Structure formats: C-alpha cells, structure tokens
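What follows draws every value from the coordinates through simple rules; no lab data is involved. Predicted, not measured: the structure shown is a model, and the values here were computed from it. Cβ: placed from backbone, ideal geometry, glycine included. Neighbour counts: every protein chain shown.
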Amino acid sequence: MPYAHITGWGVSVPQSVLTNDDIAKMVETNDEWIRSRTGIRERRIAAEDQFTSTLAVDAAIKALQVADLAPSELDLIIVTSSSPEYIFPATACLVQDQIGATKAGAFDLLAACTGFIFAVNMAAQSIRSGSIKNALIIGSETLSRFVNWKDRGTCILFGDGAGAFVLQASDVPGGVLSSVMHSDGSGADALTLLGGGARYPASEITVAEGKHFVQMDGKAVFRFATRVMGAATREALDLAHMTVEEIDWIIPHQANYRIIETAAKYLKAPIEKFIINVDRYGNTSTASIPIAAVEAVESGKLKGGNKVVFVGFGAGLTWGALVAEWTGPILQTKKKYSPPTQYRFFAYRFIARVRSWLLRAVRHIERILSRHEL
Ligand SMILES: CC(C)(COP(=O)(O)OP(=O)(O)OC[C@H]1O[C@@H](n2cnc3c(N)ncnc32)[C@H](O)[C@@H]1OP(=O)(O)O)[C@@H](O)C(=O)NCCC(=O)NCCS
C-alpha cells in the first residue's frame, strides 16, 4: 500500500496589513483588548482584485515548485474554503484551469476551518488506496468579504490568505500516519454564514438582516474549541501509536492564542511545541494550518523526518487531527535536463492561459454554430 507524503508547500498572503489600531478606528475596541482575548495583533486583507482563486493559484504554484511536479501530473485538486469564490462552480475548477492541471479531478470541500485537515485526509486516503498518485490541497480565504466590519465580536478575528500542500504516493514509509475527523451538527448555529444559500437566497431582506455576514456565539465556540483540540490530538496520536513526547511539532488551527494555550495544558505539552502565528494573520480559516506549516519550514523549525500533528476545529461544528511524518521534496527523481524551476512554472502558467483561452474560443464558436443549426 503506497504512503501519502507531503512533498510540496506554498503560501500566498495579501500585502495589505490591518492592525488592531486600524480596527479601533472602525468599531469600539482597542489593541489591548484584542491582544489579551485572542493574541491577534494584525491580519492581512485581500486587495479588490484578489479573489479566493487568486490566492489559491499563487499558493498552488509555489507548492508545485517545491515538489517539482508539473500541474499536468496532478490527479486530484481539492480546494477547501469558508469563503469560496461562488457556490458553484467550485473554486477548485478555477484553479485547475488557471494552472493547467489537465488531467486532475477538482472539487471543493466545505468543513469550515477544519477543511484543510479533512481535505488532506481525503487526498491521503485516495493515495493510500492506490487510486491516485499526486494531489494538490489548498486552503484559501477571502473571509474579509464576509465579515461585518461593524461587529466587534467577529471583525477582530478573521484574515485572508492561502496555503497549499502537494501530496504524493511513495513506497517509502512515512507521510500521513493517522487522522481523525469529527462533526456535531447540533452546534451548527454557533458559527454561521446563512445568506445566499438555498434556505435564504440573496434578497434585499437577507442583506438588510446581515445574513451574508459571519455570525458567531464567541463563548460557545471558545468552549467547544478548548474541549476538542487536545482530545482530537490525543485520538490521532493513539491511532498512530505515538505519544505527545514523540511529536516534534503541533500545528494547530490559528483561531485564538488562549485556545492553543488550553490545548497545550490539556496535553501537558510545552507551548514551544506549538507553531503559532495567529498574532500576524488572525484566523485565516482553512488556510491557517498550511500557512503556519510553511512558516515553520521556512524558519527552519519543521524539517524532514519530524513528526507533526495538525489539529483544527470550526463551524459545523467540525474538528479533526492528523499525524504526519514530514517528508520534504525528497521524492524528486533525477529528470533529464529541464530549465530552472521558475521558468518552467512560468511556462506552465502561460500554456494554461492559452489552453483556457482556446477552449473558451471553441465553446464560443460551437455556440454560434449551434444557433445556426436551430
Ligand atoms: C470572540 C471572543 C474573543 C470574545 O471574547 P469573550 O471574552 O468571550 O467576550 P464576550 O463576547 O463575552 O464579551 C465580553 C465583553 O466584551 C465586549 N466585547 C466584545 N468584543 C469586543 C471587542 N472587540 N472590543 C472590546 N470589547 C468587546 C462585549 O460587548 C462584552 O461586553 P459586556 O460585558 O459589556 O456585554 C472569544 O469568545 C473567542 O475568541 N471565541 C472563539 C471564537 C473563534 O475562535 N471563532 C472561530 C472558530 S474557527
């Protein structure tokens, strides 16, 4: 049975920084309150011309470059997002087209902030079953578009960004070792975005009622999160026959420093074992775990051979954890001469654009011809 290794990673965060002091100019709050309650100092906000797919494509290309894998070699793309570009088509299909992943099946997975754990698990299981070889998983968010900037209970929390992993099959043991996924829909009303779906189709009334904004019972979510983070970590470790002591790093969903602190206490693990960057990005939902992971790699903390737990929770309610042995891009086979990576990937994107344009042109011509046929 092949193993599912994480062989590529990439992030994309918007340049624009929104500090707590900036938010204090919009609602009645202050830097001290936000920092002491959440640990957040600032977050990134997408520019007007940046969409969930824009950030996703950028993160995806970087991940493919690290893995040295051509987009055409991908079998599967999963985008997980709490702020997808549309209800449909899936954001994953927009990514598939823009990177030229010609043979990949692409779909979106919705499990709110736990989405990245669920998506990596789904891809890993597909690889373990032998049905695919190469998968691209992206968590991408432009949640700032769904935040009520007049609601101080939520607008302080969220930020925009994307992170991606490439998963590849190999006979070498390692990669994703275990995973657990949980849901409890009885807590569905604790964290919602109700407007624009089939129950509350967009209308003047839904807009007036603010149904297109994130709504949250902060205390209920806090209680739930502190309950499940440590427990899910322990459950995934038990499945992998490992203990917290054997783990090098825990990479949690970055929602709130105090929630992470509580999980550390529950697990009797030093807080230094946790990768934490919630101070700089806020809660980027599905993107928070890969963004933290990539920062850990780039800062030299997370290295090949390290044992790591990813753990998340979110709306639904959903929660889950995954134990992995971090691989790195060791699966690269010696290829015959090929141009430097950045040129190759520039070419891939250019070809993808031309291909997409040609396919659209063919569809346009077909439309004209079929009109004459009628
Ligand atoms: C949102 C959160 C920081 C609020 O902290 P809290 O201690 O629970 O605060 P409360 O909502 O009970 O509000 C306490 C007081 O602070 C006020 N308050 C709320 N937000 C505030 C803000 N941004 N600035 C200043 N005061 C604020 C409230 O109005 C309330 O005032 P009152 O006592 O006069 O009524 C906290 O509940 C939390 O982090 N929850 C988890 C949220 C989360 O992680 N969601 C994403 C999951 S994926």
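For the reader, a short list of remarks on this structure follows.
- All other residues whose Cβ lies under 13 angstrom from that of residue 90 are scored, Lys and Arg at +1 and Asp and Glu at -1, for a net of -3.
- Scattering from region 146-298 was approximated by placing one identical point on each alpha carbon and applying the Debye formula without solvent; log10 I(q)/I(0) at 0.12, 0.17 1/Å stands at -0.64, -1.13.
- Coupling constants for region 179-196 follow from the phi torsions by the Karplus curve (6.51 cos²θ - 1.76 cosθ + 1.60, θ = phi - 60°), and in residue order they are 7, 10, 10, 9, 9, 8, x, 5, x, 4, 7, 6, 8, 9, 9, 8, x, x Hz; glycine and proline get x.
- For region 242-281, trypsin sites (Lys or Arg not before Pro) meeting the loop criterion (DSSP other than H, G, I, E, B) and having at most 10 other Cβ atoms within 10 Å: 268.
- Debye equation applied to the C-alpha atoms of region 216-281, log10 I(q)/I(0) at 0.13, 0.19, 0.28 Å⁻¹: -0.35, -0.72, -1.32
- Range in the chain, longest, excluding exposed GluC sites (Glu not before Pro) [loop by DSSP; at most 12 other beta-carbon atoms within 10 Å]: 49-374
- Extent of the chain along its three principal axes (Cα atoms, max minus min coordinate, largest first): 61, 55, 36 Å.
- Net +/- balance of residues flanking residue 16 in space, Cβ distance below 11 Å, scoring K and R +1, D and E -1: -2
- Average Cα contact separation per residue, region 8-62, under 8 Å, 6 or more apart, as relative contact order %: 54 percent
- In percent, rounded to a whole number, the relative contact order of the chain is 24, using alpha-carbon pairs under 8 Å and six or more apart.
- Neighbour counts of C-beta atoms inside 10 Å place 302, 55, 110 in the sequence 110, 302, 55, starting with the fewest.
- If only the Cβ of Lys and Arg carry +1 and only the Cβ of Asp and Glu carry -1, the dipole of region 93-158 around its Cα centre is close to 100 debye.
- Computed from phi, the 3J(HN,Hα) profile of region 231-240 under the Karplus parametrisation 6.51, -1.76, 1.60 (θ = phi - 60°) reads 5, 5, 4, 4, 4, 5, 5, 4, 4, 8 Hz, with x in place of Gly and Pro.
- Too-long pairs where the Cα-Cα distance tops 21 Å, listed order kept, from 268/307; 103/303; 273/303; 62/133; 25/219: 103/303; 25/219
- Taking each DSSP H run with n ≥ 4 as -39500 (n - 2.57) and averaging over every residue of the chain yields -11500 deg cm²/dmol at 222 nm.
- Where chymotrypsin sites (Phe, Trp or Tyr not before Pro) in DSSP loops with at most 16 other Cβ within 10 Å are excluded, longest remaining stretch of the chain: 150-336
- Among 193, 136, 167, the largest mean-square fluctuation in a Gaussian network model of the chain (Cα springs under 10 Å) belongs to 193.
- The calculated FRET efficiency for the pair residue 357 and residue 298, based on their C-beta separation and a Förster distance of 56 Å, comes to about 0.95.
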